[in-house]
Every structure is written in structure tokens, then in C-alpha cells.
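Following: one structure in C-alpha cells, then a few remarks.
The values are calculated or read from the model by the stated rules, or taken from the named source; none is laboratory data. Note that this is a predicted model, so its numbers are computed, not measured. Reconstructed Cβ throughout: ideal geometry from the backbone, glycine too, with neighbour counts over all protein chains shown. Accessible surface areas use protein heavy atoms only, side chains included; no ligands, DNA or RNA. Shrake-Rupley method; radii C 1.70, N 1.55, O 1.52, S 1.80 Å.
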Amino acid sequence: MTTTSAATDTGPPARPASRRTGTLARREARLGILLVLPAVLVVFGLVIFPVLWNISMSFQRIRLIELREFNFLDFDYTLANFDRVMGVRDFWDNVRVTFIYTIGGTTLSIAMGMWAALTVKSAFRGRAVVRGLMLFPYVAPIIAAAFVWRVMLNPTFGIANEWLDAVGFQPIDFLGRRDFELNLFGWDPNPPLALLTVIAFEAWRYFPFAFLFILARLQALPAELDEAAKVDGATLSQRFFYVTLPQMRGVLSVLFLLRFIWTFNKFDDIFLLTGGGAGTKVITVAVIDWLRGRFDVGAAAALGLLLAAMLAVLLVIYFRWFYEEETA
Amino acid sequence: MAVAQQTAPVTPKRGITRAEFEERLFGTLKWVSIVFFVVITAFPLFYMISLSFMPIQQLLQDPGRFLPSWDSITSFESYKDVLRPQSEGGQGFWRFVRNTLILSLATTFLTTTLAIFAAYAAARLEFRLKKVISWGILVVYLFPAVVIAIPLFVMFTRLQLRNSLIGLTIVYVASTIPVALYMLRSYFLTIPPELEEAGLIDGLSRFGVIRRITLPLSAPAIAAVALFVFMIAWNEFLFALLFLVEDRGLWTLSLGVQQLDTQEVPKTVLMAGSVIITIPVIALFFAAERFLTEGLTAGGVKG
């Protein structure tokens, strides 16, 4: 290492001055490629290439048992995988659940993050402790967070049902029941209990992420605008809605976009909380079901591709719409 | 501006104006909110630690109790049980700790090294691939992990690299490089280039500049990135499930808790396992909280 760098150190001065800039730029370019190459190769080989290959596999008949003998260069393409995946009775149900989960989880976690940021914005005794505690749900390993929720909500020995029992309610299996029979004066909305619980988990786990961004933005806002509005007699809520909130649009839309994409692609949370049962099966969980439950690699690849395609379409729509609004 | 017009003629109600009323209302709500957030964040943590010390019979008999008796706190029964090897009637978590540590440390080292070089080049040098890199990071962000997981699963089965920690390490390195590269690149861009140019003029090579000038200046950022990568690898679940599930000797901590969550294993014992996963992450995070939150937000506020 040291010898090679020493050799290149003495290199440049020996060359003619007129050609030096040209060779320097070229050498820099070569060095640049050399430096990024290992990282690029690893990411290409294990992220980009697999994604492309996934597209190919989704048109092939591949089962897990025949994986070792399967010839991947056999371009005998078929749409059978898509037929199989979309033909399942609960395919559209999974799509619907994915959207409810994503939109619900995203909006609630951002709203809660906003609330948390407003709560700790101004100083109070113990603020640093509260701020640190608020990061816990996001920092804790997903397996630990999901497991604690499962135990807390357990219908036989969970603390949540113990408290419900204390105020005279029947135990509720929050993560195991599809619908909750609720009757409010003849109107029975039957809320999807397990799905709502999972969304609540999402809000709890990811509000710290929104909180960090929003707090940073809130503290960077110029105080003059708020003070001017105060002098003009605007109340606290008016100042929030007409002065603060408009200035937060940038962060909020970035947060919404990021959280939407990540929640849409999320697998761990639902898999660990319910395993996809009780009306909470999102597409990602269904993909892994096809792979691990039915050993159908082709179908799993096809469903994965559909998931990515749906997200891509959504993003195109979002950017189109957003772009027009900005220029209008 | 409409605001001012609306609020000017507010009539005092019961002696106070609307502005005063709101000040008082939100002043009170603030304390209610603080209590709310403290409870929802601290209680699960407290409950987790508390159950990890409670014998399962105590929990089943009296689910409402959330303080274990002094005897059970000092006996560490669940911890002994969860860590003891399977051959001695335990759950064998020491082995999972070892596996997880190997995976996370190897990933941290490899990712950080590769990302430092790539990020430096992307920040400072002019070459053709440069645009592709910043664009590529975004694309990787957008792809669902499950879509990448299926071909990798097939690939590693064919190469017989499934059920090996080395195979999984490579996957972790590939999936963490984009984030690490992005964070480091934005940090390198904040270092004034004049410092490096001075080094070059003084006769240092590019590698010399990286080692003597750039790395020492960005030590905190590199530490933050390394911690971040460590935490991602330590917490990872999906790939561990797909790659290691058939060989119990290779399980990571996350996989261990998930796989052993059955009727046979007491929940309190797994709670001890959860505490074991959580403690290092929390400790690392709070040791470096400022670096990490700054690193996190620096990534997003830009966009």
C-alpha cells in the first residue's frame, strides 16, 4: 500500500508540464472508476441483477423442488404465473389490505410525528429524556417490538386485556380477529380489528422517524413570522394552520413519499405480528407465502413483480401530479 | 393575512380572549401529550424488561402484575434458560448472539470500507459512472426487499451458499452499501476541497489524501455510518428467515425469537431473548444519538 502510493507520488513531476493536466484528469477518472467498482459490482450483482432476473423468472415455471436442475436459459415464457397469482380468491383482497395498511400507517405515523414534535418543541424540564424515549419504538429491533406487542395484546395473559377486564370488558384478540362486531344504535361498522391494530403498530413504530424530520424543520423556521402573526392577534391554532403548516409542506411531502414507499414494501411487521392472518395479508406477505408455503418460485416472482409495478405506477402518477402543481 | 382580519374583532368570552383561552388549553394539552408519549414509549420497554424477569407461572396466574418479585429478579432464571445451549435444556441463544455478532461486524466492516472508497470517488472525482451512482441509489431504495429476495434465494440455493453466514453477509453488504454510500457522499461534499488540494500540491497521492486528510476529518460521520449499518444488520429478519431457517446452528437472534415463539417455549423466556437483542442497539444508539439523528435527517431534508 505505502510503496505503491510512494511510486505514484513521484510520478507526476517527471512528466512534461504541457501534457500534465490531460493525464491527471484521465488518471483521476481511472481512479474514480477503480474506487467505485467494488461497491458497484456488489450492488449490481446482488440487487440490480436479481431484480432483472426476477422479471424473467416471473414468466417461467419454476418450483422449489426442481430448482437444482432448472435451466434458467430456457426461454419458454408463459403467463401462467400471473394467472395463478391473480386467480386466487383473495388476490384483490390482499391488494385492498395493502393500500389501507399503507395509507393508514403512513398518515397516522406522520400525524403522530407532528404531534410529538409540537409537544417537545419548546423547552421543559426533562425534555431530553422524553425526546430520547420517543426514539425507542423506531430504534428497537422489529422482532422485539412486534413480540412485545403480541404479548401485551395476548387474549389470555396480555396486560391490555387484563385492563379491559378490569373495566368490565370481554377479552379481545386484537391480532387474531378479522372483524369486531360493533353495534352503535343500529349501525354496525364491524371495523377490521386486526388490520386496525397493525396500523396502530405502524403509527407507533414509525412516528419517531417523522418526528425527527419535523422537529428539525420546526426549529429551523424563522421566528419572525410567528411573532408577527402573534402581534396581529392570531391565536395559537391559527398560527399553526396559517403560518407554520404552510412552511412544512416540503418536509411533509418528502416524509409522505418515503414512508409510503417503505410501508408499501414492508414485510417484517405484519409477518411478525399476525403472520398475515385475520385479514391482514399484504402483498409482500403473500409473496413469501408463495415461496415458502407453496414452493412456487415462479408465482412468487410474478407477485413480487406486480407489487413493484403497482408502486412504479403510483410513483409516476404522484410525480406527474406533483410536477404540474408546482409549475401551475 | 385573512387571519388578522378574522381575529381582530374577537369578543372576550367570560373575561378571556380566544387567544388566551387557546394558550391555556394547549398549555394543558402539552402536559397531557407529554404523559401520553412517555407512556406509549416507555411502557412497552418497561413491560419487556419486567416480563423477562418474571417466571411464567407468575404471569399466567396474575397477568395484571407487572413487577416481578425480588427473588425472580435476582435469579435471572429466564436469561439462564434462554442462553443455555440446547443440549443442556436451554434455547441456545449464546450461539445466536455469536452468529448475529459475526454477521453484523463483518457487514459493518465490509460495507463501510467499500462505501468510503465509492463515496469519495462520487464526491470528488470526475468519471463517467458518476451520474449512474446517485441515480442507482434511488432505484435501490424503491425496490421491495421481497422482490430482491426471491432471485437471491434461487441464486444462493444453486450456488449452495444458502445456510451459510458468508452468503448472508454478502447479501447484507449489498443491501447496506447504497445507504452508507449516500450518507458518506453527502458528508464528503461538506469538506472544503481546498484542504485536499493543499495535500495534493504538497505531494500526497489520492490515497494519501484520503488517508491523511479526508478520513480523519470525517471520523464522526464514518462512525455514524458504521453504527447505522451495524444496527441494520443486527435487526435484519427477512433474509435471515429465507437463508438460515433450516439450520438452527446458524440462526440469528431475530430468527431465534421468531422461530421459538411456539407453545413449548415460555413467553417470558423469549422476552429475555428480546431484551438481549434490544439492549446493544439501544446502548449504541444513545451513545451516538446526535451523530445518528443528524445523519438520518441530513439524508432527507435535502430532497
Which of the residues belonging to region A:110-134 are buried (at least 18 other Cβ atoms within 10 Å of the Cβ) and more than 7 Å from every other protein chain (Cβ to nearest Cβ)?
-> A:Ile110, A:Met112, A:Gly113, A:Met114, A:Ala117, A:Leu118, A:Val120, A:Arg131
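Output the residue which, of all residues in region A:57-80 that are assigned to a helix (DSSP H, G or I) and either at pLDDT below 85 or touching a Phe, Trp or Tyr at 6+ places or on another chain (Cβ under 7 Å) (or both), is most open to solvent (accessible area, probe 1.4 Å). Before you say what the answer is, go through the steps one by one.
Of region A:57-80, the ones assigned to a helix (DSSP H, G or I) are A:57, A:64-66, A:80.
When the remaining residues are screened for being either at pLDDT below 85 or touching a Phe, Trp or Tyr at 6+ places or on another chain (Cβ under 7 Å) (or both), the result is A:64-66, A:80.
Details: A:Leu64: 41, A:Ile65: 129, A:Glu66: 72, A:Ala80: 19 Å².
Of everything passing the filter in region A:57-80, A:Ile65 is most open to solvent (accessible area, probe 1.4 Å).
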Would you call B:Trp31 in a helix (DSSP H, G or I) and exposed (fewer than 13 other Cβ atoms within 10 Å of the Cβ)?
-> yes
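When region A:158-169 is examined, which residues are found to be exposed (fewer than 10 other Cβ atoms within 10 Å of the Cβ), modelled with pLDDT of 80 or more and more than 10 Å from every other protein chain (Cβ to nearest Cβ)?
Let us first name the residues in region A:158-169 that are exposed (fewer than 10 other Cβ atoms within 10 Å of the Cβ), namely A:166-168.
Right, trim to modelled with pLDDT of 80 or more and you get A:166-167.
Within region A:158-169, just A:Val167 meets the criteria.
Could you please give the count of residues in region B:248-280 that are open to solvent by 30 Å² or more (accessible area, probe 1.4 Å) and either within 18 Å of the chain's Cα centre (by Cα) or more than 13 Å from B:Trp94 (Cα to Cα) (or both)?
Taking region B:248-280 first, the residues open to solvent by 30 Å² or more (accessible area, probe 1.4 Å) are B:248, B:258-259, B:261-264, B:266-267, B:276, B:279-280.
Checking which are either within 18 Å of the chain's Cα centre (by Cα) or more than 13 Å from B:Trp94 (Cα to Cα) (or both) leaves us with B:258-259, B:261-264, B:266-267, B:276, B:279-280.
Final tally of qualifying residues: 11.
Here is a check on your reading of the model: is B:Ser33 of a type in the set (Gly, Ala, Ser) and more than 28 Å from A:Phe124 (Cα to Cα)? Steps first, answer last, please.
Working: of a type in the set (Gly, Ala, Ser): yes; more than 28 Å from A:Phe124 (Cα to Cα): no.
Spelling it out, it is not the case that B:Ser33 is of a type in the set (Gly, Ala, Ser) and more than 28 Å from A:Phe124 (Cα to Cα).
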Would you mind telling me which numbered condition in (1) over 24 Å from B:Tyr172 (Cα atoms); (2) touching a Ser or Thr at 6+ places or on another chain (Cβ under 6 Å) B:Leu253 fails?
-> (1)
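Please specify each residue of region A:134-167 satisfying the condition of being of a type in the set (Val, Ile, Thr) and assigned to a helix (DSSP H, G or I).
Initial filter on region A:134-167 (of a type in the set (Val, Ile, Thr)): A:139, A:142-143, A:148, A:151, A:156, A:159, A:167.
The answer is A:Val139, A:Ile142, A:Ile143, A:Val148, A:Val151, A:Ile159.
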Please give the number of the condition B:Gly167 fails out of (1) within 23 Å of A:Met57 (Cβ to Cβ); (2) open to solvent by 20 Å² or more (accessible area, probe 1.4 Å).
-> (2)
Has region A:36-52 got at least one residue that is assigned to a helix (DSSP H, G or I), among the small types (Gly, Ala, Ser), open to solvent by less than 10 Å² (accessible area, probe 1.4 Å) and free of Cβ contacts under 8 Å to residues at least 12 places away in the same chain?
-> yes
The listed residue being modelled with pLDDT under 90, part of a helix (DSSP H, G or I) and under 24 Å from the mean Cα position of the chain (by Cα), out of B:Phe286, B:Phe239 | B:Phe286
Top-ranked residue of region A:199-238 - restricted to ones that are polar (S, T, N, Q) and at the interface with chain B (Cβ under 8 Å from one of its Cβ atoms), ranked as farthest from A:Leu273 (Cα to Cα) | A:Thr235
